[in-house]
Amino acid sequence: MMLRFPISKVAPAAAVILALAGCAARAPAPAPIDINLVALNDFHGHLEASKFVYTSARAPHEATVSAGGIDNLAAALQAFRQQDPELLLVGAGDLVGASPAMSSMWADEPSIVALGMLGLRVSSVGNHEFDQGRRELLRKQNGGCVSALPAKACKLTPDFSGAPYTYLAANVIDSATGKPLLPAYSIQQVKGVNIAFIGAVLQDTASVVTASGIAGLQFTDEANAINGAVTAARAQGARAFVVLIHEGGSTTEPFDQPDCSQLKGPIVGIARKLDPAIRLIISGHTHKGFQCKVDGRVITQAQMGGHVLSRIKLTIDPASGAVRDIVVRNVPVLAGEYPADPKVSAYLASVKTQSQAALSRPVARVSARSTLRKKNDAGESPLGDMIADAIVDATRAQGVQVGFMNVGGMRADFDVGDDLVATFGQAQVVLPFSNTLVVMDMTGAQLHALLEQQFLRPDEVEGHAMLQVSRGLSYRWSDALPKGQKVVAGSIRIDGVPLDEAKTYRVVANNFLAEGADGFPMFAKAVNKHDTNIVDLDAFIALLVKNERAGAAAGLAAPAPRIVRVK
């Protein structure tokens, strides 16, 4: 006889069996993928460790240490890669340019080689990569010895193969082709995830580099270019997106403050216009260390000179490719923290040996252990006074009466040893650009307008970028006066005589300023321009030598007062 079971008894049992079968068939969800990045920016050819003054979130008192240097960077990265061999090192521009002598005297080739030895994979281009023009930038990328710096290129070694890393710039367009001068993005596969690194440089690059060097290039809106690159990279299989941008901001918070929240500056506005898929922005340009959050995005910067590295962990959903979490730690790079990388240490020693004779050559005795580039409340610095005097002295025979120096052209204090004997290397680090001196005619009215332009610059981060002026030029200014009229009426004097706005004066400035760069377009309106081909560094050294021979060694503890700020 056949046994029959009530349906009500059978159905629940079957349901349980089916449910268990379903559980057995369903694979466990894949674990999130952690991708480790290390970022640096504004390395500026600092092959050796240098002074780093900082306040930490962990210890709020100010500290001064020696940090950076390719040997210490290599040691740290070697240790980090033992934790994760697939770690990627990336950059945010100004890796070279405005460099100390040991790099700049060789056209920055040793810095490019060293960064390759560190395993740098990709970097945005920075404005300083354009210092010697587009052709020299392309030489640095692709190699070769035909250079804008023929006295320096391929002199460390007889050939130069170019950067082993890739420069990126989505918003630098060649007008002749309508296409980016450099790749807009690079897709790197890490742990099975395709990550698009998208590069950009500040749209205002044209105002901070020599115009003739970038002829035929357009610097377009950063956010629009980046968003366009996201679309293109997504079509090529990218699943996560990281922006490397040479534009930044600043905050009063410490460089290692977790999730800092007071970031200000151009990068904030750019970030708010970016595609929602972009969760991480690695920035540069302002030389400010920070690790902030803005509207759910992480924006980080690692100070400058290799003093700090940004250690970044991206947690990726393996199914969707979406970024689940981002953790950033800005860490100082100090000597002796990690075992040395023998190969990089040996390379640094080799470059130092080849550079030593030139760098250690004494040039003149000076009167001060340090002449500072830091400006006083009026905007004047002792070093600015000295350099402005030097360029006038070098061109006095050509009728020059007034000289101007831009603060951005002075890259370091003029520091010498306890014996007060300045070496070539100590002078060169102050003026590393090899700018030449241009003499020109400007009317008194143009000089007046030029001084007013100091207060019209849209410079949120650094404030007024005052021109440094030579002996004989003086004036007063007040913040209480309206824009366009900040200079006190009737206060401008040249050699003690009130400025005559109808008179023509012979003026000297470096070739960068002479083309109207750095926010001073009035220089572009000058006439009867003549490039003397005198290098600003040579003029500076000549003044040091002349003063020593005259028994009045150069060196200023305080500015002259040539510029006076009044209430």
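Read-outs throughout are calculated quantities, based only on the coordinates presented, and are distinct from any laboratory measurement. Because the structure is predicted, anything quoted here is derived from the model rather than measured. Don't worry about glycine lacking a Cβ; one is built from the backbone with ideal geometry, like all the others, and counts go over all protein chains shown.
A few notes on this one:
- Prolate/oblate/rounded call for segment 95-208, Cα gyration tensor, a/c under 1.5 rounded: oblate
- Relative contact order of the chain: 15 percent, from C-alpha pairs under 8 Å at least 6 residues apart in sequence.
- Annotation: Cα Rg of segment 223-282 relative to the compact-globule expectation 2.2 N^0.38 Å equals 1.26.
- Extents of segment 33-351, taken as max minus min of Cα coordinates on every principal axis and listed largest first, are 51, 50, 37 Å.
- nm² value of the averaged projected area, convex hull over the Cα atoms of segment 45-148: 7.9 nm²
- DSSP bridge pairs, segment 33-351: antiparallel proportion in percent, nearest 5: 60 percent
- Residue order for Cys154, Cys145, Cys292, Cys260, fewest other beta carbons within 10 angstrom first, comes to Cys145, Cys154, Cys260, Cys292.
- Taking every DSSP bridge with both residues inside the chain, close to 65 percent are antiparallel.
- Charged neighbours of Ser123, selected by a Cβ distance under 15 Å, balance to -3 (K, R count +1; D, E count -1).
- Each semi-axis of the equivalent ellipsoid for segment 361-565 is √(5λ) with λ an eigenvalue of the Cα gyration tensor; in descending order they amount to 27, 19, 16 Å.
- When each of Arg234, Arg373 is scored by the number of other beta-carbon atoms lying within 10 Å, the sequence from fewest to most is Arg234, Arg373.
- In this calculation the C-beta distance from Asp479 to Val527 is compared with R0 = 30 Å, giving a FRET efficiency of 0.40.
- Note on Asp377 and Val488: the model spin-label points, each 7 Å out from Cα along the C-beta direction, lie 1.4 nm apart.
- For the chain: span of alpha carbons on each principal axis (Å, largest first): 129, 53, 52
- Sorting Phe512, Phe424 from the fewest to the most surrounding beta carbons within 10 angstrom yields Phe424, Phe512.
- Within segment 21-129, the trypsin sites (Lys or Arg not before Pro) that combine a DSSP coil assignment with at most 10 other C-beta atoms in a 10 angstrom radius are Arg26, Arg58.
- Of the DSSP H helices in the chain, those whose Cα atoms cover at least 18 Å axially and whose Kyte score averages -0.5 or more: 7-25, 70-83, 222-235, 342-359, 382-395, 536-549
- Helical content alone sets the calculated 222 nm signal of the chain at -7500 deg cm²/dmol, taking -39,500 (n - 2.57) per DSSP H segment of four or more residues and averaging over every residue.
- Proximity of backbone amide H atoms, modeled 1.01 Å from N, is registered between Leu89 and Val38, Arg121 at under 5 Å, excluding neighbours fewer than 5 places apart on the same chain.
- Pairs of C-alpha atoms in segment 249-317 farther apart than 21 Å represent 19 percent of all such pairs.
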